[in-house]
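Taking it in order: structure first as structure tokens, then the write-up.
The values are calculated or read from the model by the stated rules, or taken from the named source; none is laboratory data. Keep in mind the model is a prediction, meaning the values are calculated, not measured. As a convention, Cβ positions derive from the backbone with ideal geometry for all residues, glycine included, and neighbour counts pool all protein chains shown. Protein only, heavy atoms only, side chains kept; ligands, DNA and RNA dropped before computing areas. Shrake-Rupley method; radii C 1.70, N 1.55, O 1.52, S 1.80 Å.
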Amino acid sequence: MVFSLYSIVDGLMVSKGVNEYAMASVNLAVPFTNVLFSIGIIFAVGTSTIIAIYLGQGQGEKANSLFSQNTVLLSCIGLTITVLVLVFLEPFAVLLGAKDVTYQYTIDYLKGLAPFAVCFIVSYNMEVLIKTDGYPRLAILTVITGCLTNCVLDYVAIFLLDWGVWGAAVATGLSQLLTCVIYLQHFLRGHNTFHFVKFKMDWSIYKRLLPIGVADGVTELCNGVMIFLFNRVILRCLGDDALVSYTIIAYVNTLIVNTMLGISQGSQPLVSYHYGKEDAAGYRKLLRYGATAVAIMTAVIFAGVMLFAPQIAGIFVDAEKPWLAADTAGALRRYGLCYLLLGGNILMGGFLTAVEQPKAAISISVGRGLAFQAGALFLLAFAVGGTAIWYAPLVSEALCAVMAVLFMRKFLNKTKAA
């Protein structure tokens, strides 16, 4: 949840310190950060699950080796991404949808963000692994520290130094660098459940690791792809002002999705540990805890969105544009109907990931995050058009809920019989 505040703070600061169209350009760049986070999640969840299983089986050396090679590989991936984005900066900005008034803003934002690609990937990866190591409080304190640092640096860069969107991007990158340093200090102490060791690269482990992590990674990646598709459809059906509205909705949606992902990912190492011990009662109990937490958060989030949509819109939109704030509030309420189902779908997908059911978990992630939603978006845009496109996520989550329940029933009945 706190990770999502980085982009929200950037958008809010840019909106107030530059203008709403500069904020929209930050949203155009969101798919790039989603790609970085999705890479971190794919490797983090896969590595975390296997490490937890190794620990449950008493194989500590294998856990150390996997952790070490995972960190080195991700650092190499991050450096490669930085080079590619900076070399192909302008074509990449155009690919994201930048043009006219948003073009230069998007270029500047990517230019400030790209050098920190390693920090984004490694930071999110270690945030998950540090919980597997048994230090969830440190993970929370670190991401909060990073977020607060981002807020302060954003203010300094935009309002005091007048660095605009480039300054906002650099502020975000530096805050991610800080969290990386804190996590590395933890793992270099040598008093952990697993730690850095000399290792021999074992490429074969990724045949097991990647399918496990893909489900959660796809959830993050699909969020970026859907922002990209929504941006395109909105510009065609509703225009530039609606893109500003969607930017605000995307910030709210990212916060809510990451809140539910936090519940799901927080339970995964524990579920995997009990699964590795073949303790069905243990992981079923954790599933009930997760379902209870999701139900409570769903009620709070849905009520908050429905009741305070105008106030949420007003945070980002200039008071001199009340019509834009009203349109944004209406769109947010239509879009927000999907929050009744979203958390349950994410929890079921995460649980199936933790018990090594990658095909079912990937089907849920791709279904709710891309396939169903993209299909509903294009169908509504073609058949109805206008504000009907805001109902696409509701259609997607409803279809996904049916599929997820069927997968869960199949797994739970099979393990009960066993």
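Rounded to two decimals, what ratio of Rg to Rh does the range 201-319 give with C-alpha atoms and a Kirkwood Rh?
Ratio of gyration radius to Kirkwood radius: 1.10.
Order LEU270, LEU177, LEU89 by their accessible area, 1.4 angstrom probe, all chains in place, largest first.
Listed by decreasing accessible area, they come as LEU270, LEU177, LEU89.
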Beta carbons within 10 angstrom, averaged per residue: use that to sort the peptides 124-132, 406-414, highest first.
-> 124-132, 406-414
Could you please report the charge total around VAL170, scoring K, R as +1 and D, E as -1 over all other residues with beta-carbon less than 15 angstrom from its beta-carbon?
-> -3
Go from 0 up to the bin containing the longest alpha carbon distance in the range 57-136, width 10 Å each, and give me the % of pairs per bin.
-> 16, 35, 24, 16, 8, 1
Starting from the Cα coordinates of the range 97-205, work out the convex hull volume and express it per residue in Å³.
-> 137 Å³
Largest first and to the nearest Å, give the Cα extent of the range 275-333 along each principal axis.
-> 61, 19, 15
The range 147-210 - Debye-derived log10 I(q)/I(0), Cα point model, q = 0.23, 0.25 Å⁻¹ = -0.89, -0.97
Once the other residues with Cβ under 14 Å from the Cβ of PHE199 are scored (Lys, Arg +1; Asp, Glu -1), what is the net sum?
-> +1
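So if the hydrodynamic radius of the range 289-418 is defined as the Kirkwood radius over C-alpha pairs, what does Stokes-Einstein give as its diffusion coefficient at 20 °C and 1.002 mPa s, in µm² per second? Show your work: numbers first, answer last.
Numbers: Rh = 16.2 Å.
Value of D from the Cα-based Kirkwood radius: 132 µm²/s.
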Expressed in square angstrom to the nearest 10, the accessible area of THR47 with a 1.4 Å probe stands at 0 Å²
Mean projection of the alpha-carbon convex hull of the range 178-267 over all orientations, in nm²?
-> 9.1 nm²
Taking all protein chains together and a probe of 1.4 Å, list GLU320, GLU20 from the most accessible to the least accessible.
-> GLU320, GLU20
Please arrange TYR283, TYR273, TYR103 by accessible surface area, largest first, computed with a 1.4 Å probe and ligands excluded.
-> TYR273, TYR103, TYR283
At a probe radius of 1.4 Å, what is the per-residue accessible area of HIS195, in Å² to the nearest 10?
-> 50 Å²
With only helices counted (DSSP H, runs n ≥ 4, each -39500 (n - 2.57)), the per-residue ellipticity at 222 nm for the chain, to the nearest 500, works out to -28500 deg cm²/dmol
Taking the alpha carbon gyration tensor of the range 121-274, what are the square roots of 5 times its eigenvalues, largest first, to the nearest whole Å?
-> 32, 23, 14
Could you tell me what fraction of 2.2 N^0.38 Å the Cα radius of gyration of the range 1-130 comes to, as a two-decimal ratio?
-> 1.25
To the nearest 10 Å², what's CYS76's accessible area with a 1.4 Å probe?
-> 80 Å²
Normalised per residue, the volume inside the convex hull of the alpha-carbon atoms of the chain in Å³ amounts to 129 Å³
Scan the chain and note any complete DSSP helix (H) whose C-alpha atoms cover at least 24 Å along its axis and whose Kyte-Doolittle average is -1.0 or more.
-> 20-56, 60-87, 136-155, 164-187, 206-237, 240-276, 280-316, 392-417
What list of whole percents do you get for P(r) of the range 342-383, with Cα-Cα distances grouped in 5 Å bins up to the one holding the largest distance?
-> 5, 25, 25, 18, 12, 8, 5, 2, 0
What spacing in nm lies between the two simple spin-label points modelled at TRP323 and LEU235, each 7 Å away from Cα in the Cβ direction?
-> 2.3 nm
Alpha carbon centre of the range 67-101 versus the range 371-412: separation in Å?
-> 30 Å
State the extension gain, in nm to one decimal, for the chain segment bounded by LEU141 and LEU210, taking 0.36 nm per residue of separation less the distance between their alpha-carbons.
-> 22.0 nm
Please label the shape of the range 119-171 as rounded, prolate or oblate, based on the square roots a ≥ b ≥ c of the eigenvalues of the alpha-carbon gyration tensor (a/c under 1.5 means rounded; beyond that, a/b larger than b/c means prolate, else oblate).
-> oblate
Net +/- balance of residues flanking PRO269 in space, Cβ distance below 11 Å, scoring K and R +1, D and E -1 = 0
Can you pull the semi-axes for the range 376-415, root of five times each eigenvalue of the Cα gyration tensor, sorted largest first, whole Å?
-> 32, 7, 4
